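K.L.:
I'd like to ask some things about the structure below.
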Amino acid sequence: RDSGVLGNESQARPLVLTEEGDLYFRRYFEYEESLAQRLVEWSKDPQSENAQVHRDLEQWLSGAPDQLAAAKLALHGKFAVITGGPGTGKTYLLVAIMAALLKQDPNISIVLAAPTGKAAQRMTESIQANLGNFGLSAEEKEIFPQQAATIHRLLRPLPPSIHFRRNAISPLNADFVIIDEASMVDLPLMSKLVDAIKPTSRLLLIGD
């Protein structure tokens with residue numbers, strides 16, 4: 001405190017000491033605050049229920065009541081997390097959600113991403129392997145999002161800075177952003193990703 005580098009939450013100092021006794025670098029404190037604020041706002045903004053989407057999900061997930069409940073919850077608001085270990089059917093559930101949304105609105109823009117190139121490739125392969133389970137027509141498969149990118153490629157870095165081309169001023173052109181392996185995404189990148197998502201869009205995080 002005597003050095004002058006430490007301040008409270010409202011002071012412009014390099015280090016922040018909160019009332020609860022937590023110590024932050026200023027930049028990381030701001031990342032966490034802005035991320036939490038957006039997620040809270042999204043969680044309080046429920047989306048209108050669509051009967052046709054629910055009927056499709058009930059048809060595809062009739063034998064998996066837990067997955068069906070998760071799918072409906074994931075579409076209830078603007079933000080959701082689907083979690084489960086390997087082999088629990090997360091990708092099948094994800095493809096069911098996307099298929100139901102695309103049947104309702106073929107023009108919906110869905111973006112797929114993961115934190116690393118390897119994770120993005122696995123996401124792409126898993127989605128393609130599950131596509132045959134939903135009775136989609138050739139036209140529906142044609143518009144189905146199957147290619148995942150890395151989050152960095154999605155946001156388009158501006159080296160050597162820490163900033164990206166996609167941000168709050170120039171957001172992603174997407175109605176639904178889906179991130180796989182979400183537990184691998186660090187705080188700065190997650191904060192920048194959320195900043196680049198339009199307030200009217202949805203975010204779904206998937207991981208173990």
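The values are calculated or read from the model by the stated rules, or taken from the named source; none is laboratory data. If you're wondering where the values come from, they're calculated on a predicted model, not measured in any experiment. As a convention, Cβ positions derive from the backbone with ideal geometry for all residues, glycine included, and neighbour counts pool all protein chains shown. For accessibility, only protein heavy atoms count, side chains too; no ligands or nucleic acids. Shrake-Rupley method; radii C 1.70, N 1.55, O 1.52, S 1.80 Å.
K.L.:
Put Val111, Val194, Val40 in order of accessible area, largest first, 1.4 Å probe: what do you get?
P.N.:
So the residues, ranked largest to smallest area, are Val40, Val111, Val194.
K.L.:
Pick from Gly85, Gly132, Gly21 the residue whose mean-square fluctuation is largest in a GNM of the chain, springs joining Cα atoms under 10 Å.
P.N.:
Gly21
K.L.:
Of Ile169, Ile108, Ile127, which has the most accessible area with a 1.4 Å probe, and how do the rest follow in descending order?
P.N.:
Putting Ile169, Ile108, Ile127 in descending order of accessible area: Ile169, Ile108, Ile127.
K.L.:
Rolling a 1.4 angstrom probe over the protein chains, ignoring ligands and nucleic acids, what is the accessible area of His152 in square angstrom, nearest 10?
P.N.:
80
K.L.:
State, to one decimal in nm, how far the label point of Thr18 lies from the label point of Arg122, with both points 7 Å from Cα in the Cβ direction.
P.N.:
It is 3.1 nm.
K.L.:
Would you mind working out the accessible area per residue for the chain, using a 1.4 Å probe, and quoting it in Å²?
P.N.:
The answer is 55 Å² per residue.
K.L.:
Another question about this same structure. Against the longest alpha carbon principal axis of the chain, how many degrees, from 0 to 90 and to the nearest 10, is the axis of helix 65-74 turned?
P.N.:
Computed tilt is about 50 degrees.
K.L.:
Taking Cα atoms, how many degrees apart are the long axis of helix 90-104 and the longest axis of the chain, rounded to 10 and kept between 0 and 90?
P.N.:
The angle comes out near 70 degrees.
K.L.:
Also, quick follow-up: Assuming 0.36 nm per residue, please report the length gained on full extension of the stretch Gln52 to Leu187 beyond their Cα-Cα distance.
P.N.:
This chain segment gains 44.9 nm when fully extended.
K.L.:
Could you compute the FRET efficiency for Ser3 and Ser34, with r as their C-beta to C-beta distance and R0 at 25 Å, rounded to 0.05?
P.N.:
0.40
K.L.:
Another question, then. Would you list Arg27, Arg156 from the most to the least accessible area, probe 1.4 Å?
P.N.:
Solvent-accessible surface, decreasing: Arg27, Arg156.
K.L.:
In whole Å and largest first, what semi-axes does the C-alpha gyration tensor of the stretch 121-208 yield when each eigenvalue is scaled by 5 and square-rooted?
P.N.:
Semi-axes from the Cα gyration tensor: 27, 15, 12 Å.
K.L.:
On the protein heavy atoms, probe 1.4 angstrom, tell me the percent of accessible surface of the stretch 58-208 carried by carbon and sulfur.
P.N.:
Within the stretch 58-208, the accessible surface is 52 percent carbon and sulfur.
K.L.:
Give the shape of the chain as rounded, prolate or oblate, defined through the alpha-carbon gyration tensor: a ≥ b ≥ c are the square roots of its eigenvalues, a/c under 1.5 means rounded, and otherwise the shape is prolate if a/b is larger than b/c and oblate if not.
P.N.:
Prolate.
K.L.:
Mind pulling the angle between the C-alpha long axis of helix 26-43 and the longest principal axis of the chain? Nearest 10 degrees, somewhere in 0 to 90.
P.N.:
Between helix and principal axis, roughly 40 degrees.
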